[in-house]
Structures are given as structure tokens and as C-alpha cells.
Amino acid sequence: MGTLRLVARPFLPRTVRGRMTMLYGTLFLVSGAAALVIAGGVQVGSSSVAMSPANGNVRAQGTSPGLAAANQRISQLQQQLAQAEAPRGAPDNLEHRVLMASLVALVVMGLLSIVLGWLVAGRALRPLRQITATARRISEDNLHERLAFAGPDDELKQLADTIDELLSRLESAFAAQRRFVANASHELRTPLTTMRASLDVAMAKPEPVPAQTAALADRLRAELDRTDALLEGFLALARAQHVTLPDSGVVAFGDVVSAALGAQAAAAAGRGLTVRSDIAPGLHVAGSATLLGRLAGNLIGNAVLHNEAGGWISVVARADGEVATLVVENGGALLDAAQVGELGQPFRRLGADRTGSDTGTGLGLSIVAAIAAAHGGSLTLLARPAGGMRAEVSLPLAPQPAVALAGAR
């Protein structure tokens, strides 16, 4: 029986509406056919009962020669009359004609039932489509929204209420996670500051410091700096995931990118990198200037850090229709496309073989992705066929401020 289900399943419609329509049509045809069979059986039985007394009378009275001759004559006249009334070439069986007409009516009504079943199924499934569309629109960034399904207390409303309860629990869980990350990152700064101060005091004593102690102190300072950068990344990620944009203003995105590029100029020159830039003027994005500056700085800093000595960087900011696009590319070794596509997740790194060092916290590009999502945009990471990586951020353009328009005139 399992094999039969596997064979028959591809012939079934893929949608619930299609399966309900097929069910409606099949039930109507089966019930119509059963009604025809029952009606035919009843008609045949009544005809047999009606014919039986006449034949019995003929046999019973057949002993009288006059009555037998009269019955024979009547039978001949009835046959002649039936042949005269029947159309030429048509069957003279009334039951056959009724059966054919019933079959035609069954086919027509079967087609009509399929059409009506399609309409009725669509109307019955309309609330379910609304629930699906609303649930699909709700994501991690707008878990505060609810289905708020209005209707009778039936199975669909119970499903919608259950989804609303699930969204409420998810919102609470995500909010608790973000609060924990932010609070933990903030609280851990105090012991780190204390350890760094204690280390500096110990190394500042007038007595000569052994070489091993000095080397250990330098290593501890490096680890403290690394931990501090990691906590700063946690705080930035928590702020980016919990930002409220309606209170933000319009930001000159081109100026933000230029400032971030200038801040990385010294680091790029120290590695002998060639920087090419093409930043279009008049790019304005609605959002937070601080977060957008962090977005551009992380992208450009990532291209500087994860590059080969004497390589190159390309920074392009332009308007594509109603979207502001920032593209940062860098050269380097060939990278795995699948791994590059996952770098937008926290703590995803390609490893020390990418740059020859294990620098970075693994949060830079995840912060970029979170900031872009908070501003209604997206981050796309691609491995370049010739080596290196391409990072593209798309953000919705905002209307230029009235001050900028007046100055342009």
C-alpha cells in the first residue's frame, strides 16, 4: 500500500484549494452516479411488476378463442402504434433515453460542481492565506507585530491566537537575549579596566622588571585589548539589533563613507594598499549617523585588515534607482564562496590562513548585517573569482533635506 501512495501522490494537486476542489467534484460525481443506479433499478423493478399482471391475464383468459383473438389484435395494434410514434433511427426504449439524458446532466453538473468547489474552497481558505501572509511578513526585527485575527471562534482563530502567543514568547526571548548581551558586555568592562590598571601599576615600579615579566605583561595587554574589542563588538551588535529608526534623521551617506575611508587611510598606507574610491554626492539615507558610520567603517576596515600586502581596495557609493549602494572590494587569495556567504553571522571567520594572522573578533560583518537590516537594507558577501571579496550594502534612499535642496538652487 505504501507503493500505491507514492505512485498516486504526484497526480494530486499541490495546493489545499486544488485538493478540496477535487474532493468536491469527486463526491458529487460519485453521489450522482449512485443516484442514477438507484433510480434505474427502481424503474426497472416497477416496469417488471407492471408487466407481470398483463401477461398473467393473457394466460388465464387464453382458454377463450374470442378473447385470445382480441388480445392478439390489440397487441398488434400497440406495436404498430409504437413503431409509428418512434423517430426513425432512434431507440424505442424509454429507459435508455432517460439514462442518456441523466448521464449528460451528470457530466454538466460535475463540471459545474468543480467550478463552484474552486470558488467555495478559495473563500474558505481566504483567512488562512491572510494568516500566512502576515506571519511571513513578521521577522526577527518586528516581532512586536501580531496577527490579531478577527473572526468567529473557530479552528482558524485558534490557530492565529496560538501563533500570536508564540510570537509573544519569541519577542520576550529575543529581548532577554539582547539585554543579557548588552548588560554582560557593560559589566565586564569594569574588571577589564581594573586588570589593565593593575598591570600598568606593576610595570611602572622603579625596580627593574625581568624580561619574562615584561613579555608576559605585553601579552596580557594584547589579550585585554582583544577582549575589550570583543565587548565593544557585542555592544554595537546589541545596539544595532535594537535600534529604533523613527527617531533618527536623514544622513548624508556619501559624507559618512568618505569619513570612514579617511579614518582607514593610515592603516591602508601602512600595508601599502592602493585605494580607489568613487563616492557619488547627494546620497541620503534615513537612519542613525553613528550606526551608518560604524557600518562603513567596519566594511572598509575589514577590507584593509583581510588583504595582502601591496594589494588594493575599491570603495564605490552610488544610487541605484531608489536604493543607495555601497560596494567595498578587496584583492587577495581565492576564497571559498560558501564560507564567504556565512561571514555575516557572528563569530564566522575564514581563519588565520586568510591574512596570516588571527586578528579580528568575528563580529565586524555581523554588525554590518545587523545595521543594514535595522535600516531596511541588506548585506551581500561574495567571493571574487580573481581572489578577494566583494561586500555590497543596499539601503533605501531618503528624500534630500529641504536645506540641501535650497542650497542646490
Q.
For a Förster distance of 35 Å, can you work out the FRET efficiency between the beta-carbons of ARG221 and ARG384, rounded to the nearest 0.05?
A. 0.45
Q. Using Cα pairs under 8 angstrom and six or more residues apart, how large is the relative contact order of segment 243-316, in percent?
A. 47 percent
Q: Quickly rank 208-219, 333-344 as a protection proxy: mean count of other C-beta atoms within 10 Å, highest first.
A: 333-344, 208-219
(Q) Using amide H atoms built in the peptide plane, which far-off residues or other-chain residues are under 5 Å from VAL275 H to H? (A) ILE313
Q: Between the alpha-carbon centers of segment 256-318 and segment 179-214, tell me the distance in whole angstrom.
A: 32 Å
Q. Hey, with R₀ at 56 Å, roughly what FRET efficiency would ARG137 and GLU207 work out to, going by the Cβ-Cβ distance, to 0.05?
A. 0.25
**Q.** Inter-site label distance for VAL98 and ASP200 at 7 Å from Cα along Cβ, in nm
**A.** 10.8 nm
(Q) Over the Cα atoms of segment 174-240, what radius of gyration and what Dmax do you get, in Å? (A) 15.6, 52
Q | Residue-span extension gain [ALA265 to SER75] - 0.36 nm each, minus C-alpha spacing | A | 56.5 nm
Q. Which ³J(HN,Hα) values in Hz, rounded to whole numbers, follow from the phi angles of segment 207-215 under the Karplus curve 6.51 cos²θ - 1.76 cosθ + 1.60, where θ = phi - 60° and Gly and Pro get x?
A. 5, x, 9, x, 4, 5, 5, 5, 5
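Every read-out reported here was derived from the displayed coordinates using simple, explicitly stated rules and does not represent laboratory data. Note that the structure is predicted; figures quoted are calculated from it, not measured. Cβ sites come from the backbone with ideal geometry, for glycine too, and all protein chains shown count toward neighbours.
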